[in-house]
Amino acid sequence: MAHMENMVSRRYTLVLCACAALCQPLWSAAQPAWPAGASIKIVTPTPVGVGTDLFARVYAERLGRELNTAIIVENRPGASGMLGMDAVAKSPPNGLTLLISVSRPFTTPAELLPKMPSSPAQNLVAVTQLYHSGSFIIAGSTFPGNSLKDLIAIARQRPRYLSYASYGGASTARLGMELLQDAAGMEMLQIPYKQSAMPDLMGGQVMVGWEPPASAVPGIRSGKVKALAFVGERRSAALPDVPNAAEIVPGFDMIPTWVGLWTPAGTPAPIVKRLQDAVGAVNKDPVLLKILADSGAEPKNVTQAEMAAAIQRELEMTTRLVKAKNITLD
């Protein structure tokens, strides 16, 4: 009898070991673990305090808690975002180096982007979109008006008198202002910037700016710059009294503005899926939702296929605009 019990016990133990062996890979694939003690680095291709940098830090804090891993943010501005993209593209595909960026470098024709030894966009894998936002058309202290209607009237009367700040040929500001000028029948003078134009807008060195909510809203609320219009699908929830540009310029249709998460090509699918799930969880955080809403942004979760389709669609739109307006890199 004892011999029989021992046989049953050994068989039971073998069954448990076999089940554990079978289940272990499934669990590891579902919940990939980053190396113990390793931290994740999020690269944002913007200067500190500008553009995606502000939200990259908000997401880094919450993603770190969700993944139970320390996350740091590194700024790699320059070359229309290509330097930051290139740094991530050349990193090991292990989920430890990520990119948070606006979609523009991925939806801009190659001829408008600085020449690089390789194509960073082709060596990065889209994980998911983080949020959608829009842009504010703002004016500094030297602008002789208070609305987009005033801007259009002045620019039509005095072509190239009004200056506007852009961040190069591939920037949202440059492409957006080209579309606006075309739709409104006016001409302005472009002043390209490599760093934030907000100090010069506040100081009056440049008259008009096209800025994301994260940098524009604080300046508007403090009264240091004027809000002329918001460019987006609807009015900004952060400043609902500011008219949408399409209300003033019928037919004005801006290419969407959104921010996404990328990882080096070759990153294992389970890690990509874990990152997608983490973003989905973070985008339900009430504090994050309020931060986004206060800045006029909305959380967005899409599949990799939907993100790839959005990039291709916007690339085609941008290519048509660049050819029609003969926009160059300079």
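Take PHE230 and decide whether it is of a type in the set (Phe, Trp, Tyr), open to solvent by less than 60 Å² (accessible area, probe 1.4 Å) and in contact with a Phe, Trp or Tyr (Cβ under 6 Å, 6 or more places away or on another chain). The answer is yes for PHE230. The set of residues in segment 199-216 that are surrounded by 23 or more Cβ atoms within 10 Å (Cβ to Cβ), closer than 23 Å to ARG57 by Cα and modelled with pLDDT of 90 or more comprises TRP210, GLU211, ALA216. The set of residues in segment 80-119 being within 16 Å of the chain's Cα centre (by Cα) and either at pLDDT below 85 or among the aromatic types (Phe, Trp, Tyr) (or both) consists of SER80, GLY81, MET82, ARG104, PRO105, PHE106, THR107, THR108. The residues on offer are LEU175, LEU201, and the sole one that is under 21 Å from the mean Cα position of the chain (by Cα) and in a helix (DSSP H, G or I) is LEU175. For segment 246-293, filtering for residues that are within 23 Å of GLU316 (Cα to Cα) and part of a helix (DSSP H, G or I) leaves 1. Listed here are the strands (runs of 3 or more DSSP E) enclosed by segment 36-155 that have at least 2 residues being of a type in the set (Lys, Arg) and either closer than 26 Å to LYS323 by Cα or without any contact (Cβ under 8 Å) to a residue 60 or more places away in the chain (or both), and there are none.
Criterion applied to ASP277, ASP253 was being surrounded by fewer than 21 Cβ atoms within 10 Å (Cβ to Cβ) and either at pLDDT below 90 or under 16 Å from the mean Cα position of the chain (by Cα) (or both), and the one residue passing it is ASP253. So for segment 180-187 (the condition being part of a helix (DSSP H, G or I), charged (D, E, K, R), farther than 30 Å from LEU98 by Cβ and open to solvent by 40 Å² or more (accessible area, probe 1.4 Å)), does at least one residue qualify? So far as segment 180-187 goes, yes, one or more of its residues are part of a helix (DSSP H, G or I), charged (D, E, K, R), farther than 30 Å from LEU98 by Cβ and open to solvent by 40 Å² or more (accessible area, probe 1.4 Å).
Return yes or no: is ILE191 part of a strand (DSSP E or B), open to solvent by 10 Å² or more (accessible area, probe 1.4 Å), more than 19 Å from THR318 (Cα to Cα) and of a type in the set (A, V, I, L, M)? It is true that ILE191 is part of a strand (DSSP E or B), open to solvent by 10 Å² or more (accessible area, probe 1.4 Å), more than 19 Å from THR318 (Cα to Cα) and of a type in the set (A, V, I, L, M). Only a single item in (1) in contact (Cβ under 8 Å) with a residue 12 or more places away in the chain; (2) on the phi < 0 side of the Ramachandran plot; (3) not β-branched (Val, Ile, Thr) is not met by GLY251, and it is number (2).
Assess whether VAL231 counts as being under 17 Å from the mean Cα position of the chain (by Cα) and closer than 20 Å to PHE143 by Cα. Show your work before the answer.
Values: under 17 Å from the mean Cα position of the chain (by Cα): yes; closer than 20 Å to PHE143 by Cα: yes.
Taking the combined requirement at face value, the residue satisfies it.
Of PRO77, PRO109, PRO105, PRO93, all but one fail to be within 22 Å of SER166 (Cα to Cα), touching a helix residue (DSSP H, G or I) at 6+ places or on another chain (Cβ under 9 Å) and open to solvent by 20 Å² or more (accessible area, probe 1.4 Å); the exception is PRO77. Among the residues of this structure, TRP262 does not count as one that is of a type in the set (Phe, Trp, Tyr) and either within 22 Å of ALA183 (Cβ to Cβ) or in contact with a Lys or Arg (Cβ under 7 Å, 6 or more places away or on another chain) (or both).
The values are calculated or read from the model by the stated rules, or taken from the named source; none is laboratory data. The model shown is predicted, which means the values in this text are computed figures rather than measured ones. Please note: Cβ atoms are built from the backbone with ideal geometry, for glycine as well, and neighbour counts cover all protein chains shown. Quick note on the areas: whole protein, heavy atoms, side chains included, nothing else; ligands and nucleic acids left out. Shrake-Rupley method; radii C 1.70, N 1.55, O 1.52, S 1.80 Å.
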